[in-house]
Amino acid sequence: MARARSVYRCAECGHDHPKWVGRCEACGEWNTVAEEPVTVPSSRRPVSGGKAGGREGGSVPQALSDVEQSRLVRWTTGIPEFDFVMGGGIVPGSMALIGGEPGIGKSTLLLQTAARLRAAGRHVLYASGEESPEQIRLRADRLVEDAGPVLVLGETRLEAILEATRACRAELLVLDSIQAVYTDALESAPGSVGQVRECSAHLMRFAKESGTAVFVVGHVTKGGTIAGPKTLEHIVDTVLYFEGEGSLDYRLLRATKNRFGSVDELGVFSMTERGLSAVPNPSAVFLAARSEGTSGSAITALMEGTRPVLVEVQALAARSGYGTPQRVATGIDPKRLAVLLAVLERRGGSSFAQLDVFLQVTGGVRLREPGADLAVAAALLSSLHNTPTPSDALYLGEIGLGGEIRPIGGLERRLAEASRLGFRRAFASPRQGVQVPGLKHVAISHVDELVRALAA
Ligand code: TYD
Ligand code: MG
């Protein structure tokens, strides 16, 4: 009998099984067993490219000051929002993962990127296990970019893809998607934990050794995270998420991990008839559809990475039919909404107990920082009392459980953006020193002051 090429190893305790089992025989954990090759797994080999390697293959320690300073080269794509989120451009020899729901535009973005790098004289290969070259051609024909000279390959065997990459001396390899490829080293099906992990480790090593920049598409689960083992995100250099509210044309690109730049930078795109186009001024776009003079709306400025972005928070409080009132939140953590409603009730004397509450953030943006609390409270109170918030005002502050308004960071930059867009008043904690020309600081220290202002 041939020697087994792979084992099924428990991720918790490391116990090996000859075949797949749902529960580890050693530690009893469920769903921890995944296939791994018996040969030295590529994930265990160094990814340094071996330049600093010692004689017997191992590395020798060296003083940091002796480490050669390499100048980081970046290839810019000319899609400014994309380069910005990547930290300035694509780094040769790096590997990036882009996740997002089906239909959001991952393949389109990467094809546009490939076309642009090709136009800049780089060799690129677009390997797809999801679509045939004919389907890719159909998409390519729609784009503003000329994707004609981009090499495409319909293939799912990783070894064959890497062979082709070497053969055409590609400097950029796009792989759509990691869940569709498999390596000969394992017997399990494409998309299984073992395959995804092994293929990514292999790709990472290939990127470092050859200097090829590798982009892989990753599908997301219902929970919104990239499907497959968490180690996938640990292996790669950069993790991007492409997201957006289904009905809206806006697409938000975000880096959640970047070894070559900062994270949480936001790039906004719109999906047009001719591919994705970058939106250089997201605040203006998010506020464009704003209905001034309508109650239930409040503006805040979020920090998306290093950039301030103005968004509108919309609330609607309506008499509940019967039973438990509904709480529907889009773009905000429902638990945070519950906390703010409780604070408004107990500290501000404004009861939402008999009301259905709907809350949303325009543009598909998510409120991820507590600095948006004050705007959420203002939108809620504005809807409750049917009083519009002033159209030239924005709200910035975290709300504590005592109803106190707390200062927030990065205020100067947020206000500079607001001032640029014509805002004249900023409601914020009195402890916040606001010094932005053209903007008046309206000190507000407790939610009951907000209640008084909006219940008038
Ligand atoms: P796609 O890149 O295939 O998404 P993903 O790879 O993330 O699944 O994008 C598919 C959607 O984008 C599809 O609904 C069609 C639309 N689209 C446009 O509106 N305009 C275009 O120019 C292109 C290429 C696609
Ligand atoms: Mg796709």
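Every number here is computed from the coordinates shown, using simple stated rules; none is lab data. The model shown is predicted, which means the values in this text are computed figures rather than measured ones. Neighbour counts are summed over all protein chains in view; Cβ atoms, including those assigned to glycine, are modelled from backbone coordinates with ideal geometry.
Using Cα-Cα distances under 8 Å and only pairs 6 or more residues apart, what relative contact order does the chain have, in percent?
On the way: 975 pairs, mean separation 53.7, N = 456.
The normalised contact order for the chain reaches 12 percent.
Any idea what angle helix 193-210 forms with the longest principal axis of the chain, computed on alpha-carbon atoms, 0 to 90 degrees, nearest 10?
The angle comes out near 80 degrees.
Which loop trypsin sites (Lys or Arg not before Pro) in segment 90-197, with loop taken from DSSP, have no more than 12 other Cβ atoms within 10 angstrom of their Cβ? The partial results should precede the final answer.
Details: sites: K106, R116, R118, R122, R137, R139, R142, R157, R166, R169, R197; in loops: R122, R169.
Those that pass, being in a loop and sparsely packed, are R169.
Over the Cα atoms of the chain, what Rg and Dmax result, in angstrom?
For the chain, the Cα radius of gyration and maximum Cα-Cα distance read 25.9, 85 Å.
Please compute the Kirkwood hydrodynamic radius of segment 268-383 from all pairs of different C-alpha atoms, in Å with one decimal. Walk me through the intermediate numbers first.
Working: mean 1/r = 0.0660 Å⁻¹.
Across segment 268-383, the inverse of the average 1/r is 15.1 Å.
Quick one: the Cα spread of segment 323-456 along its three principal axes, in angstroms, biggest first?
Its Cα atoms span 50, 30, 25 Å along the three principal axes.
Using Cα-Cα distances under 8 Å and only pairs 6 or more residues apart, what relative contact order does segment 312-416 have, in percent?
Working: 151 pairs, mean separation 33.6, N = 105.
It comes to 32 percent, rounded to a whole number.
Got a sec? How would S320, S382, S65, S291 order by Cβ neighbour count within 10 Å, fewest to most? Spell out each step's value before the answer.
Numbers: S320 15, S382 25, S65 6, S291 12.
Least to most surrounded, the residues fall as S65, S291, S320, S382.
Evaluate the distance, in nm, between pseudo-label points positioned 7 Å from the Cα of E209 and of R420 along their respective Cα→Cβ axes.
With each label placed 7 Å out from Cα toward Cβ, I get 4.6 nm.
Please compute the volume of the convex hull spanned by the alpha-carbon atoms of segment 83-139 and report it per residue in Å³.
Cα convex hull per residue, to the nearest whole number: 109 Å³.
Beyond 26 Å, what share of the Cα-Cα pairs of segment 165-289 remains, rounded to the nearest whole percent? Numbers along the way, then the final one.
Details: 2494 of 7750 pairs.
Counting every Cα pair in segment 165-289, those more than 26 Å apart make up 32 percent.
Report the residues of segment 197-215 in range of a label on V38: point 7 Å along Cα→C-beta, backbone N strictly under 12 Å from it.
Backbone N within reach: none found.
Express as a percent, rounded to the nearest 5, the fraction of DSSP beta bridges in the chain (both residues included) that run antiparallel. Please report the intermediate quantities before stating the final value.
Numbers: 44 of 80 bridges.
Bridges in the chain are about 55 percent antiparallel.
How big is segment 264-323 on each of its three principal axes, counting only the C-alpha atoms and giving the largest first in Å?
Principal extents (Cα only, largest first): 46, 30, 26 Å.
Give the long-range amide H neighbours of V442: residues separated by 5 or more places, or on another chain, with amide H under 5 Å away, using H modelled in the peptide plane at 1.01 Å from N.
Amide H neighbours of V442: A426, F427, A428.
Once you have a ≥ b ≥ c as the square roots of the Cα gyration tensor eigenvalues for segment 290-339, tell me rounded if a/c is under 1.5, and otherwise prolate or oblate according to whether a/b is larger than b/c. The partial results should precede the final answer.
On the way: a/c = 4.23, a/b = 1.61, b/c = 2.62.
Oblate, because a/c is 1.5 or more while a/b does not exceed b/c.
Could you work out the per residue convex hull volume over the alpha carbons of segment 393-456, in cubic angstrom?
So the per-residue hull volume is 74 Å³.
If I model a spin label as a point 7 Å beyond the Cα along the Cα-Cβ vector, how far apart are those points for R452 and V263 in nm?
Here the modelled spin labels are 4.3 nm apart.
Would you calculate the convex hull of the Cα atoms in segment 324-379 and tell me its volume per residue in Å³?
Values: hull volume 4.3 nm³, N = 56.
It comes to 77 Å³ per residue, whole-number rounded.
Mean shadow of segment 349-407, computed from the convex hull of its alpha carbons, in nm²? Present the calculation step by step, with values, prior to reporting the outcome.
Details: hull surface 20.1 nm².
About 5.0 nm², averaged over all directions.
With a ≥ b ≥ c taken as the square roots of the eigenvalues of the C-alpha gyration tensor of segment 113-206, please select rounded if a/c is under 1.5 and otherwise prolate if a/b is larger than b/c or oblate if it is not?
prolate
Note down the relative contact order for segment 108-161 as a percent, whole number, built from C-alpha pairs under 8 angstrom at least six residues apart. Walk me through the numbers before you get to the answer.
Working: 63 pairs, mean separation 24.1, N = 54.
It comes to 45 percent, rounded to a whole number.
When the Cα centres of segment 297-339 and segment 343-401 are compared, how far apart do they sit, in Å?
7 Å
Starting from the amide H of G244, placed 1.01 Å from N in the peptide plane, find each other amide H under 5 Å away whose residue is 5 or more places distant or on another chain.
The answer is L252.
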